[in-house]
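*Asks:* Have a look at this one before I ask anything.
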Amino acid sequence: MKLYKAKDSWIVTTEEHSLWFNRRSLSIYSKNEPITDHILSSPAWDSSFVSNINGYIGKVQFVKDGLHWLIFIRSQELVCEINKKHEIYRITDILVQPFDNFEEESVSKGNNNNKYELKCIEELRIWYQETQCFYYSRTYDLTNTVQRSVNQDENIPLWKRADERFFWNRQMLSELLNLADKEHLDTQWIQPIIMGYLNQCHFTANEDTDVQLILISRRNRHRSGVRMHCRGIDEDGNVANYVETEQIVRTNTNLMSFVMIRGSVPFYWSQPGIRYRPPPKIDRSKFK
């Protein structure tokens with residue numbers, strides 16, 4: 001994928017399709033046709049090449065009435081290949097661009113909101129670069145366990161099959177999800193991402209049996225705050241810091257999966273203060 005900046009739009013192109021972010025109307029739409037470098041370099045488009053990218057993560061707004069920002073996958077690392085057909089990548093760096101700002105100088109010289117937004121962007125970049133805990137696959141559903149996936153129709157787009165609890169960038173893609181429900185949209189633009197951990201190893205058993213061991217941890221996007229400041233359950237039944245860990249064992253002829261879950265104790269409680277081992281506090285004894 002290639003990212004271009006035109007006078008009125010950001011344009012993401014592939015060999016067959018293009019995704020457009022109109023900077024005046026703040027609308028997003030796709031075209032089922034390629035936009036060649038030759039066309040984009042013409043004076044009529046007044047566009048310039050920005051960067052090669054690997055995907056679109058979503059749109060965010062850090063402050064109310066502030067700028068909207070587009071987040072793209074700048075670089076990635078292949079960490080696992082399943083069944084020789086599903087490649088899983090770890091995101092190693094992101095690219096963040098202002099969606100609705102035409103005077104880029106105002107971003108660096110602007111008001112306190114702009115300064116705060118720039119700080120948020122820098123922290124977001126560091127988060128992706130240093131934690132190394134965001135993963136995705138274009139063909140394998142990382143949000144679901146093997147058990148949940150076994151009866152799913154693989155012809156259904158990946159984002160429609162995804163478990164919304166672990167679809168980490170779902171809210172950031174809400175505009176594209178709404179667009180996809182109304183009209184045909186190339187599914188490559190909607191890329192579910194999980195936050196957690198993923199690794200694999202290979203070994204041989206009984207001299208002729210190749211074994212692949214895969215470990216996947218998925219962190220729930222609901223109530224995922226700092227441990228001491230986010231405890232218990234909410235009105236929708238989501239517990240704080242819920243993580244699902246799946247151990248997958250693949251052999252030449254068999255597939256096995258074992259799933260463990262963990263999370264905060266499921267009732268209304270908190271643990272105020274930051275001193276060592278603050279005492280738990282029961283906030284409510286029953287649901288409303």
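We did not get these values from a lab; they are worked out from the coordinates using the rules stated. Computed from a predicted model, the values in this text were never measured in an experiment. Reconstructed Cβ throughout: ideal geometry from the backbone, glycine too, with neighbour counts over all protein chains shown.
*Asks:* Sorted by mean Cβ packing within 10 Å, highest first, what order do the peptides 135-143, 255-263 take? Let's see the in-between values first.
*Replies:* Working: 135-143: 20.6, 255-263: 12.9.
Result, highest mean first: 135-143, 255-263.
*Asks:* Using the 10 angstrom Cβ neighbour count as an exposure proxy, how do Asp234, Asp163 rank, fewest first? Provide the component values of the computation, followed by the final result.
*Replies:* Working: Asp234 12, Asp163 18.
Result, fewest neighbours first: Asp234, Asp163.
*Asks:* Sticking with this one: Where does each of His17, His86 land when they are ranked from fewest to most other beta-carbon atoms within 10 angstrom? Present the calculation step by step, with values, prior to reporting the outcome.
*Replies:* Details: His17 18, His86 14.
Going from sparsest to densest Cβ surroundings: His86, His17.
*Asks:* Within the chain, which is the longest segment containing none of the GluC sites (Glu not before Pro) that sit in a DSSP loop and have at most 14 other Cβ atoms within 10 Å? List each step's numbers first, then the result.
*Replies:* Numbers: sites that count: Glu15, Glu16, Glu103, Glu104, Glu154, Glu164, Glu183, Glu207, Glu235.
Between exposed loop sites, the widest span is 17-102.
*Asks:* Another question, then. If you put +1 on each Lys and Arg Cβ and -1 on each Asp and Glu Cβ, how big is the dipole of the chain around its Cα centre, in Debye rounded to 20? Present the calculation step by step, with values, prior to reporting the outcome.
*Replies:* Working: 37 positive and 37 negative charges, 305 e Å.
Approximately 1460 debye in magnitude.
*Asks:* Same structure, new question: For a 29 Å ceiling on Cα separation, which of these pairs sit above it: Lys31/Lys119; Lys31/Lys115; Lys5/Lys119; Lys115/Lys281; Lys7/Lys64?
*Replies:* Over 29 Å apart, Cα to Cα: Lys31/Lys119; Lys31/Lys115; Lys115/Lys281.
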